[in-house]
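Everything below concerns the one structure shown next.
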Amino acid sequence: MRADSVRGHLDGLLLAVLEPGPLHGYAIIAAVQHRSEGVLELRTGTIYPALNRLERLGLLSSSRQSSGERRRRCYELTDAGRRSLVGERTAWSEFTTAIGSVLNPVSPPGAAT
């Protein structure tokens with residue numbers, strides 16, 4: 001899938017995969033890839049700036065957690081992030097309904113309305 005297809009929806013994708021609980025960056029990438037059945041492959045250069053921006057906006061919080069000898073930054077939704085996710089889902093539903101109405105009209109083109 002083209003990278004520009006995700007543009008405008010990245011925040012919603014990140015918030016959605018963090019809804020069940022905290023994840024570190026590579027786990028977020030893997031979750032998006034898994035949920036999309038391999039169609040969406042996000043790059044670290046795409047998600048880390050977005051995660052940092054979402055944290056600055058107060059939608060995510062982060063903490064350092066140890067995994068063996070590694071210390072990773074884990075991200076989780078804040079209450080504001082959960083509210084934002086509701087808005088993202090509503091906007092996505094409205095968007096897909098509108099696009100679907102154009103791409104797959106109920107009545108044939110040129111039919112009287």
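Assorted remarks:
- Scalar couplings 3J(HN,Hα) for the range 50-66, obtained by applying the Karplus form with A = 6.51, B = -1.76, C = 1.60 to θ = phi - 60°, are 5, 4, 4, 5, 5, 5, 4, 7, x, 8, 10, 10, 9, 8, 8, 10, 8 Hz; x denotes Gly and Pro.
- Structure-based [θ]222 nm, the chain - -39500 (n - 2.57) summed over DSSP H runs of at least 4, per residue, nearest 500: -16500 deg cm²/dmol
- Ligands, DNA and RNA left out, the accessible area of the chain computed with a 1.4 Å probe is 53% carbon and sulfur.
- Distance from the Cα centroid of the range 66-103 to that of the range 13-55 is 9 Å (rounded to whole angstrom).
- Table column - 3J(HN,Hα) (Hz), the range 95-103, Karplus curve with 6.51, -1.76, 1.60, x for Gly and Pro: 5, 5, 5, 5, 5, x, 5, 7, 6
- Were the residues from residue 92 through residue 30 laid out at 0.36 nm apart, the gain over their Cα-Cα distance would be 20.1 nm.
The values are calculated or read from the model by the stated rules, or taken from the named source; none is laboratory data. Nothing here was measured: the structure is a model prediction, and the numbers come from that model. Accessible surface is based on the protein model in full, side chains and every heavy atom, while ligands, DNA and RNA are left aside. Shrake-Rupley method; radii C 1.70, N 1.55, O 1.52, S 1.80 Å.
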